[in-house]
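Student: Take this structure, written in structure tokens, and hold onto it; I'll ask about it next.
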Amino acid sequence: MLNFLTRRYSWLVGAIITIALACPATAQVVVIANGSPITEYDIQQRTKLEASATHKATSRQQIIDDLIDDRLKIAKARVYGLEVTDAEVNGAFEGMASRQHITIQQFSEVLERAGISANTVKARIRAELTWQQLVRGKFGSSLQIGESDIASALKDRNENEASAVGYVYTLYPVTVVVPRGSNEATISAKRGIADNLRVRFVSCNEG
């Protein structure tokens, strides 16, 4: 789930001294990744985020490596003119809250109680969205998975099986049309039809 804070106004010497005295441990720069500093605070925040998301302990070095990877992903994307907007990040953050059936404010409070800044989550989101954009933009047209790749994956996953069985599925979209300008009652009725269809589809064989 989470993001980190960046400090500004480095030209204010007095402010820098105050910050250093107030939180020397968390403000300490541990490593520079492509010109971007990774602080002790970043590491602590990411550690809490990973523990919350995976319920497993992650080594400090792995956390640092992951933070470096995030910085490099963003830097690499910028080379190709790709940059995720704040609106996209906020939209994804809101989506995380929505999937848990809570508001953004409530989600932020949940994170805060876990000692995680909402900015930490957003930083992680930004890195992943940026990388997705880069992969789609740079490799999208060339990323193809052949039958041999699928067979190999099945073999690796089922090493004890003598053979693998393949299936070909043909997917058809089901469209529920809502006439333009429909009132709320009509929209609600159409939504009910769509929800009913979705609930009824439990397997490919029955569907």
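The values are calculated or read from the model by the stated rules, or taken from the named source; none is laboratory data. Remember, it's a predicted structure, so these values are computed and weren't measured experimentally. Backbone-built Cβ (ideal geometry, glycine too); neighbour counts: all protein chains shown.
Student: Return the residues of the range 112-126 that are surrounded by fewer than 22 Cβ atoms within 10 Å (Cβ to Cβ) and in contact with a strand residue (DSSP E or B) (Cβ under 7 Å, 6 or more places away or on another chain); say none if nothing qualifies.
Tutor: Result: 117, 118, 119, 122.
Student: State whether one or more residues within the range 151-172 are modelled with pLDDT of 80 or more and out of contact with any Asp or Glu (no Cβ under 7 Å at 6 or more places or on another chain). Let's see the steps before the verdict.
Tutor: Going residue by residue through the range 151-172, those that are modelled with pLDDT of 80 or more are none.
No: zero hits.
Student: Sticking with this one: Between a first residue in the range 61-77 that is assigned by TED's automatic domain parsing to the domain that holds residue 39 and a second residue that is polar (S, T, N, Q), which pairs have beta carbons less than 6 Å apart while being 6 or more apart in sequence or on different chains?
Tutor: 63/47; 71/34; 71/36; 72/34; 73/130; 74/130; 75/34; 77/130
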